[in-house]
Amino acid sequence: MSCHLPVEEIRRLAAAGKIGAIVVAEQVIDTHAAGFADRFERSVALDALLRDLARLRRREPHLDEFITEVEGYIDGLHRDLDRLAA
């Protein structure tokens, strides 16, 4: 499962460097995750997104700071999913 569309949108937002881009990236991630029916599928989708962000970081290292912020947000979503499962 690949997340090319969200990653491309995140790349575009990071490259633009506009104020509020992180908030928009979080909305992109939320919209993407909401497209999966259950917690397990959301978790897998978020893992795939993290993998694709790691690839983006290797291709475009100047986006590292933005990608780190986005990964932190995804980690928070994972923690929320874990709490719901408990």
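What follows draws every value from the coordinates through simple rules; no lab data is involved. All of these numbers come straight from a predicted model, not from anything done at the bench. Cβ coordinates were reconstructed from backbone atoms using ideal geometry, including for glycine residues, and neighbour counts include every protein chain displayed.
Of note:
- Verdict on Ile10 being touching a residue at least 40 places away in the same chain (Cβ under 8 Å), more than 17 Å from Leu81 (Cβ to Cβ) and of a type outside the set (Lys, Arg): yes
- Here the range 13-32 is the region considered, the condition is being in contact with a Pro (Cβ under 9 Å, 6 or more places away or on another chain) and within 20 Å of Asp82 (Cβ to Cβ), and the residue that is surrounded by the fewest Cβ atoms within 10 Å (Cβ to Cβ) is His32.
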